[in-house]
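The values are calculated or read from the model by the stated rules, or taken from the named source; none is laboratory data. These numbers come from a predicted model, not from an experiment. Cβ placement follows ideal geometry from the backbone for every residue including glycine, while neighbour counts extend to all protein chains displayed. These accessible areas exclude ligands, DNA and RNA; they are computed on the full protein's heavy atoms, side chains included. Shrake-Rupley method; radii C 1.70, N 1.55, O 1.52, S 1.80 Å.
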Amino acid sequence: MAPQLTLYTAKRTQTELALEESKLQYTRFEIDLQNKPEWYAPQVNPASKVPAIAYGGPVVSPDQPSPESEKLAESLVLLEFIADISGKLLPSDAVLRAKTRFFIDAVSNNVQSAFGAVIVRGEPAEKLLTAIEKVQSLLPAEGFAVGPEFTIADAALVPFLARIEVALGNDFGAFEEGTGPKTLEVLDTDAKFARYRKYFSDIKARESYQKTFDPKPQFRASISAVRGQFGSLIFISAMPLRIALSGEEIRSTARAALAVLKNQNLSACLVGGAACAIYGMTSRTPNIQGIDLRPYQDVDIIVVTEMHPEKIKELLVTHDNRFYLMPSINPQNSYKVLWFKVSYRRGCKVDILIPGILSIPKIPAKEIFFIQPFQDLPVVPFLVLLMTKLKAWADHGADARLHMQAKVGVDEGDISMLLDLGVKTYHAHLSKNTWLPESFVEESKRRVSEYTEKWPGTTRSWRAMGF
């Protein structure tokens with residue numbers, strides 16, 4: 001009997017395509033990236049990313065992974081692993097195996113990088129055409145990436161071709177309006193791309209492709225819905241440009257979201273950078289009356305409800321046509337990103353959090369703060385704000401990815417300023433927050449202990465607040 005194999009994923013892409021082609025038996029478990037299970041990172045993938053595989057060990061419920069199973073991650077690593085255990089998807093010939101790996105490298109260096117450059121950053125569409133032409137030149141006259149049989153080289157390439165086709169066809173990307181369909185027309189009609197078209201057509205006919213790729217993904221429906229509301233895609237036909245927003249633009253975004261939530265009888269408050277600014281943190285905070293805005297471009301809102309964050313986003317889009325949804329730039333993410341229209345090609349991202357996400361407790365309405373001169377902008381209780389910053393510090397420090405670890409120093413700067421505000425300005429103390437759940441307090445105390453071990457000079461401030 002073959003060892004059990006559980007795939008943890010959020011979207012059907014490279015790994016699942018390879019599994020379908022391999023004919024291996026596997027269990028698929030969907031991970032909600034907006035609200036990841038607490039057990040996922042410690043028991044499956046410490047980096048907290050998908051996809052990941054649990055292999056071997058006893059057959060158990062996927063949400064109770066066995067410590068006896070081997071845990072594996074990273075898409076390209078998983079492709080090779082699937083080929084190894086299935087005895088398929090990699091040619092037996094040494095030269096063809098080398099060509100397979102060379103092809104995968106070409107996909108990463110050309111198609112994947114061009115996808116980010118053109119679709120995400122709005123660079124000239126010719127880069128995408130050049131990348132596809134480069135990979136097309138590696139294809140044999142017939143068959144698939146390296147020959148007559150489907151291999152992991154095809155599994156590495158195909159999801160990008162599928163996403164490119166949908167993005168261009170819907171004119172979705174950070175390029176000038178109309179660029180998408182024009183570029184797709186070149187791919188569909190230019191004789192130069194005849195081999196690409198034949199290859200992609202052959203791929204689409206395969207059962208594995210039809211089972212793992214939805215030709216009508218969620219964001220296509222989302223774009224259609226917005227087109228119906230606005231009559232055009234003038235401002236959402238491209239990703240919003242990440243240009244620094246003014247303090248008034250940040251506040252307008254927050255007020256618009258809070259107004260809709262209030263009208264729906266949903267209690268909500270600001271957290272993150274906006275809340276830090278209102279409490280008076282004078283660095284790395286949105287621009288509110290002279291405070292530096294640039295490091296923060298998002299509005300984070302806690303909504304005290306059991307409603308799923310995706311439903312809340314849809315509610316905001318429905319009740320205020322300045323809000324709109326976009327797919328995540330990470331194709332592995334299944335959730336949509338909420339944006340508020342600031343001006344043409346400029347938007348403010350809005351993150352919706354609910355109790356439970358980031359260990360946020362359920363906040364009673366009477367505990368929500370209103371601070372002058374922003375009485376219309378409710379903020380999270382001070383100690384909850386500080387604890388979310390402390391959790392971010394711990395999470396970034398535990399993350400294996402270098403770009404996440406690089407955030408630790410920034411977190412420590414934020415915490416230092418908040419500690420000063422908590423002691424000197426707000427006289428924050430645990431004894432004044434008896435509503436906080438015991439589990440939240442104990443978890444926070446554990447993190448405070450870890451923090452003071454690294455920064456013993458902050459011990460006095462923590463003690464002054466009851467820790």
remark   = Probe 1.4 Å, heavy atoms of protein chains only: per residue, the accessible area of region 1-92 in Å² is 48 Å²
ask   = Taking the mean number of other Cβ atoms within 10 Å as a proxy for protection, how do you rank 265-276, 191-202 from highest to lowest?
value = 265-276, 191-202
inquiry  = Given R₀ = 25 Å, what would the calculated FRET efficiency be for Ser92 paired with Asp202, taking r from the Cβ atoms and rounding to 0.05?
reply    = 0.70
ask   = Which distance in nm do the two modelled labels at Ala406 and Glu165 give, with both placed 7 Å along the Cα-to-Cβ direction?
value = 3.6 nm
query = Alpha carbon centre of region 443-462 versus region 31-81: separation in Å?
reply = 31 Å
request  = Among DSSP beta bridges whose residues both lie in the chain, state the antiparallel percentage, nearest 5.
outcome  = 70 percent
inquiry  = Exceeding 32 Å between C-alpha atoms, which entries from my cross-link table qualify? They are Lys23/Lys127; Lys336/Lys424; Lys99/Lys198; Lys262/Lys389; Lys36/Lys99; Lys182/Lys262.
reply    = Lys23/Lys127; Lys336/Lys424; Lys36/Lys99; Lys182/Lys262
ask   = Taking GluC sites (Glu not before Pro) as exposed when DSSP calls them loop (any state but H, G, I, E, B) and at most 13 other Cβ atoms lie within 10 Å, what is the longest stretch of the chain free of them, the sites themselves excluded?
value = 143-305
message = Using the Cα centre of the chain as origin and beta-carbon charges of +1 (Lys, Arg) and -1 (Asp, Glu), tell me which of Gly56, Ile363, Leu33 is placed farthest towards the positive end of the dipole.
response = Ile363
inquiry  = Residues of region 6-39 with the amide nitrogen closer than 18 Å to a label point 7 Å from the Cα of Ala394, along Cα-to-Cβ, please.
reply    = 36-39
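Given contacts defined as C-alpha pairs under 8 Å and at least six residues apart, what's the relative contact order of the chain, whole-number percent?
Taking the mean separation of contacting Cα pairs over the length of the chain, I get 12 percent.
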inquiry  = Along the Cα→Cβ direction, 7 angstrom out, place labels at Ser66 and Leu266. What is the inter-label distance in nm?
reply    = 4.2 nm
request  = Mind pulling the angle between the C-alpha long axis of helix 152-169 and the longest principal axis of the chain? Nearest 10 degrees, somewhere in 0 to 90.
outcome  = 70 degrees
query = Which one of Ala428, Thr189, Leu168 is farthest out on the positive end of the charge dipole of the chain, using unit charges on Cβ (Lys, Arg +1; Asp, Glu -1) and the Cα centre as origin?
reply = Ala428
task = At a temperature of 20 °C and a viscosity of 1.002 mPa s, determine how fast the chain diffuses translationally according to Stokes-Einstein, using the Kirkwood radius over alpha-carbon pairs as Rh; express D in µm²/s, rounded to the nearest whole number.
result = 87 µm²/s
task = Give the cross-link partners of Lys391 among the aspartates and glutamates, using a straight C-alpha distance below 15 Å as the criterion and excluding same-chain residues fewer than 8 apart.
result = Glu38, Asp399, Asp411, Glu412, Asp414, Glu442, Glu443, Glu450
message = Rounded to whole Å, give me the distance from the Cα center of region 379-397 to that of region 132-155.
response = 48 Å
